[in-house]
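Worksheet for the structure shown next.
Derivation of every value follows stated rules applied to the coordinates shown; laboratory data play no part. Model, not experiment: these values are computed from the prediction. Heads up, the Cβs are rebuilt from the backbone with ideal geometry, glycines too, and the neighbour counts pull from every protein chain shown.
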Amino acid sequence: MTEGDRRRNVMFVLLVFIVVLAALSWYLNPVSQQDTIGILLSAELVAFSMVLYAYTRHTDNELSELWMLVGASTIAVLLGLALL
Amino acid sequence: MDEKKDERKQGPVSSLIGYIDSRVGFTNTFLKPLPVTGLNPFAWLGALAVLAFFAQGVTGILMMLYYVPTPDSAYQTTTMVMTKIPMGSVLETFHLYMAYAMILIVFLHLMRNYFTSVGKKPRELMWVVGFIMGVLTLAQGLTGYLLPWSVLSKAATDVFIGTLQSLPPQLFLPVKYLLEGTGADAQELMHFYVFHTVVIPFSLLLLIVLKIYMYEIHGHAETGGENEGKTVKKVPFFWDETWYVLMIGSAFVAVVLVLASVFPLKLPPEYSAAAAANVVVQPDWYFLWIYQVLKFGIFVGPNEPLALAVITIIFLLILLVPFIDRNKERVATRRPVYTTIGAIFIAEVIVLTIWGYMTPGVNAPNSQVVEIVGGTALIVGVVFWLYFKARKAVTRQSITVPSVATSVRFLKIPFKHSRYTLLFLVLLGVASVSLSSVVSTATTPGIDYGWLLISILVFGVSLYSMLKLLKALVISYEAGRALS
């Protein structure tokens with residue numbers, strides 16, 4: 001798999017995740033569950049930030065696994081918070 | 001045909017951007033390519049502050065749809081937004097936390113620009129404009145604090161206006177009428193509302209445009225260090241840098257949003273004269289350091305104008321930094337005096353803020369002021385003096401001295417040498433207690449000279465031991481790292 005393919009795959013997964021989360025938020029109550037919606041929106045923003053990271057190649061570096069792991073862990077924590 | 005082929009090769013997003021840019025012409029006229037070294041969050045603190053400003057603009061406008069700026073309705077409409085409007089609580093809290101984030105980022109931006117000397121010739125006026133924007137950001141916080149009309153916000157605002165009474169009447173009266181009119185609650189709230197929603201935001205907007213214009217004229221400031229004098233690869237602003245700013249901007253908004261969702265704002269009770277009589281006044285955190293200065297024993301009562309004069313001088317000195325420090329050197333490690341002053345300033349602001357938070361409404365005796373303010377300056381000054389001395393010693397041994405960025409690793413020392421760190425902390429404790437004893441003995445009537453002498457001796461020995469310990473650690477660290 002080339003570096004470009006790897007980046008495209010990461011972006012695809014993240015974009016699907018953003019769309020799914022947006023659809024899920026649509027069914028929540030914006031008054032009584034607003035804190036959950038806020039947390040889900042934060043997770044989407046983190047995912048969007050990761051998409052941009054995967055999209056840009058300023059320094060010709062490879063996609064950093066560490067940063068991807070940090071992003072994914074952050075999203076996991078946020079989803080956990082939303083479920084509480 | 002060739003253009004069409006290129007657009008197809010670039011992919012849909014890039015070709016859409018290319019299409020827009022070929023019609024608008026941003027890349028040819030605006031926001032020049034930037035050095036690749038600018039791709040770090042610290043170089044974009046100003047942009048994050050602008051993002052925070054616009055985020056507050058959007059949330060502020062949404063809140064204005066419901067908010068009624070009268071003493072009878074302000075609290076009710078604020079509570080109504082938080083409890084009845086969809087996403088209202090997150091909206092209110094996000095607006096508040098974004099304001100906090102903006103103030104914090106503006107402070108970080110100021111200090112980063114101070115240490116990297118980007119305000120030096122020919123960017124002195126950019127520094128001045130940035131300083132005015134910083135003051136306006138604080139004013140935005142001050143005016144917004146009153147708007148919920150809670151007992152805390154009203155009482156703190158009244159104390160602030162009361163403090164201004166110590167100004168000369170020629171200055172105080174115009175300021176008072178500007179801020180609260182004839183003094184009626186309704187006028188005061190309306191004046192603050194107009195300042196918060198019209199005067200200050202539009203002034204900030206104009207200054208943002210002016211600063212971006214000057215940024216375009218002078219370009220991205222070189223901060224010296226490892227890349228000094230070298231040709232650095234440049235990346236176009238559109239769209240490489242834009243994606244980068246969007247990336248860190250999204251992460252930044254995500255952090256503030258999650259905080260707003262998890263820790264929603266809890267409003268204090270509504271203002272009433274009776275409730276205000278029982279409240280201990282405390283300003284918002286970003287004014288706590290000034291509040292603490294006003295509580296210094298030396299400034300309490302008739303000496304209050306002196307406190308205002310001292311605070312004004314501090315602000316004026318910050319404003320005039322590029323005109324005072326005219327040396328061409330930009331690297332922080334080669335400007336020991338200014339770097340140490342900057343570090344002392346940051347330490348004092350943090351210490352005074354914590355102190356102000358922990359002692360609401362309690363005046364600080366002069367002996368404590370000497371111990372805490374003087375002690376902080378002394379400790380930071382000594383640490384930095386030793387650091388620069390050690391760097392000089394290493395340079396004399398012809399060992400390459402690392403740059404500013406890599407010097408941050410200096411902070412690893414305490415963790416690598418835990419036993420020495422423990423010993424240093426014990427010595428620090430002994431030095432603090434003995435210094436405290438020196439000050440309290442010297443300021444107590446009927447001085448006990450024997451005890452004073454012992455305290456001075458213990459303080460001197462512990463300080464000397466700390467200096468020796470630090471020096472040995474720093475030299476061994478620098479030499480070891482440079483040789484490795």
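Between B:I318 and A:M1, the FRET efficiency from the beta-carbon distance, with R0 = 51 Å, is close to 0.45. Given R₀ = 56 Å, what would the calculated FRET efficiency be for A:E65 paired with B:L206, taking r from the Cβ atoms and rounding to 0.05? Computed FRET efficiency for A:E65 and B:L206: 0.80.
Local charge for B:Y213 was computed over the other residues whose Cβ lies under 15 Å away, with Lys and Arg +1 and Asp and Glu -1, and equals +2. Over the protein assembly as shown, DSSP H runs of length four or greater, each weighted -39,500 (n - 2.57), average out per residue to a 222 nm ellipticity of -23000 deg cm²/dmol. Label-to-label distance for B:S22 and B:V461 is 8.2 nm, based on points extended 7 Å past Cα in the beta-carbon direction. The Cβ shell under 12 Å around B:G162 holds other residues with a net charge of -2, Lys and Arg each +1, Asp and Glu each -1. By its C-alpha gyration tensor, with a ≥ b ≥ c as the square roots of the eigenvalues, how is the range A:3-83 shaped: rounded for a/c under 1.5, else prolate for a/b larger than b/c, else oblate? Cα axes put the range A:3-83 in the prolate bin. Amide H to amide H distances under 5 Å link B:L34 with B:V235, B:F237, where only residues 5 or more positions off or on other chains count and H is placed in the peptide plane.
Karplus-based coupling profile of the range A:66-71, in residue order and whole Hz: 4, 5, 5, 5, 4, x, with θ = phi - 60° in 6.51 cos²θ - 1.76 cosθ + 1.60 and x standing for Gly or Pro.
Paramagnetic label reach from B:T70 (point 7 Å along Cα→Cβ; backbone nitrogen cut-off under 19 Å): within the range B:156-181, residues B:181.
When only DSSP loop residues count, what GluC sites (Glu not before Pro) in the range A:1-73 have their Cβ near at most 11 other Cβ atoms within 10 Å? In loop regions of the range A:1-73 (DSSP not H, G, I, E or B), the sparsely surrounded GluC sites (Glu not before Pro) are A:E62. When only alpha carbons are used to place a centre, the range A:1-60 and the range B:83-114 end up 23 Å from one another. In chain B, excluding the sites themselves, the longest stretch lacking any of the trypsin sites (Lys or Arg not before Pro) that are in a DSSP loop with at most 15 other Cβ atoms within 10 Å is B:1-229. Relative contact order, whole percent, for chain B stands at 18, derived from Cα pairs under 8 Å and 6 or more residues apart. Estimated from the Cβ-Cβ distance and a Förster radius of 56 angstrom, the FRET efficiency linking B:L452 and B:A184 is about 0.50. Tally Lys and Arg at +1 and Asp and Glu at -1 over the other residues with C-beta under 9 Å from the C-beta of B:K328: what net charge comes out? The answer is +3.
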